[in-house]
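Notes to accompany the following structure.
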Amino acid sequence: FHQQDLLPALGLQFDPREDLTLRAAFSETVARQTFKELTPIFQQEYLGGPVFVGNPGLRMSALRNYDLRADWRPVAGGLLSASWFRKEIDDPIEYVEKVATYSFTTAVNYPHGTLQGFEVEARQELGELWHPLAGLGLGANSTWIRASVRLPDQEITQFEALHGVRPATSRDMTNAPDYVWNAFATWDIATTKTSFGLFYTVTGDTLVQGPGPSNDFFVPATYDTRFESLSASLSQSLGSGVKLTVGA
C-alpha cells in the first residue's frame, strides 16, 4: 500500500492576559488502516470470542480537524479550560457485522463521517493553596461527543429492498462514546521519590460494530453500554534510572 498526502496545519495563539490563553487550530491528517483491519483471515482473541476478518481493500481515511480552546490559570498550579473540536472524515473506517457460514466483524469504508464535541477540564496543585498539601493534585474533565457516519447508497438501497422502508441516511460512528468523564488524584512525595495515583472514569454508550447487510437480512448493531472503571498506581524510584510501578 502506498499513498502520498499533503497535510497542512495552522495554529493561532492569543494571550490577552498573563493568566489566559486562547488557541485555534486547523489541520489535515490521515487515519491509517491497522494490520488487523487489512488481513483477510479468521481472527479470534480467545476460543468462543467474537470473530474478526480483515478487509484488504480498506482505504485510509482523510480528516480535517478544527479546534478551539481557552485556558485560564486563576491561581498558581491551577487550570480551568474549555474546548470545542470537530473532525470531518472522508472514507471513515467502520466496523460492521456480517454473516457467512458464521457471524463475523469486518472493517469497511463509509462515505463520510463527522465527530464533534466539547470538553471542560479543571485541575489544581493543592500545595500552591496550602503548603502542608504539597505534592497533592486533584483534577477532573468531561467530554461530550456527537459522532455519525453517512451510510453507503448501496446499503440504503439494500435495506429498503429487504424491508420496504427507507432507513435513516446516517448512524452512530463506531468506537466513539457519547461521553467520557474522568476524575483523578495524585500525590508526589519528593523526599522518598514516591508517587500515588487514583483514577476514576465513566464511559458512555459506544457503538462497537454497526448493522450490516448479509444475504437477505440485516445483522443488528452491537453497543457497549455505559461502564465505570477505577484504577490505582504506586511508583517508587529505586535509584538512578530505575522505577518500580504497581497498578490495580
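The values are calculated or read from the model by the stated rules, or taken from the named source; none is laboratory data. Keep in mind it's a predicted model, so treat the numbers as computed, not measured. Cβ coordinates were reconstructed from backbone atoms using ideal geometry, including for glycine residues, and neighbour counts include every protein chain displayed. To get the accessible areas, we keep the full protein, side chains included, count just its heavy atoms, and leave off ligands, DNA and RNA. Shrake-Rupley method; radii C 1.70, N 1.55, O 1.52, S 1.80 Å.
A few notes on this one:
- Flag if Leu10 is surrounded by 10 or more Cβ atoms within 10 Å (Cβ to Cβ), at pLDDT 95 or above and not acidic (Asp, Glu): no
- Residues located in the range 74-93, provided they are under 20 Å from the mean Cα position of the chain (by Cα) and at pLDDT below 95: none
- Here Asp188, Asp205 are screened, and the one residue that is charged (D, E, K, R) and closer than 28 Å to Arg73 by Cα is Asp188.
- Under the condition of being within 22 Å of Phe104 (Cβ to Cβ) and basic (Lys, Arg), the residues counted in the range 26-41 number 1.
- Unmet requirement for Val165, which otherwise passes all of (1) assigned to a loop (DSSP other than H, G, I, E, B); (2) closer than 27 Å to Phe35 by Cα; (3) open to solvent by 40 Å² or more (accessible area, probe 1.4 Å); (4) not hydroxyl-bearing (Ser, Thr, Tyr): (2)
- Test result for Ala221, over 15 Å from the mean Cα position of the chain (by Cα) and among the aliphatic types (A, V, I, L, M): yes
- Hits in the range 221-240 (condition: open to solvent by 90 Å² or more (accessible area, probe 1.4 Å) and not in a strand (DSSP E or B)): Thr225, Arg226, Ser240
- Members of the range 133-144 that are in contact (Cβ under 8 Å) with a residue 40 or more places away in the chain and either closer than 30 Å to Pro213 by Cα or in a strand (DSSP E or B) (or both): Leu136, Gly137, Leu138, Gly139, Ala140, Asn141, Ser142
- Within the range 43-74, restricting attention to residues that are open to solvent by 30 Å² or more (accessible area, probe 1.4 Å) and without any contact (Cβ under 8 Å) to a residue 12 or more places away in the chain, the residue that is farthest from Gln124 (Cα to Cα) is Gly57.
- When residues of the range 75-119 are limited to those that are without any contact (Cβ under 8 Å) to a residue 40 or more places away in the chain and part of a loop (DSSP other than H, G, I, E, B), the one least open to solvent (accessible area, probe 1.4 Å): Asp91
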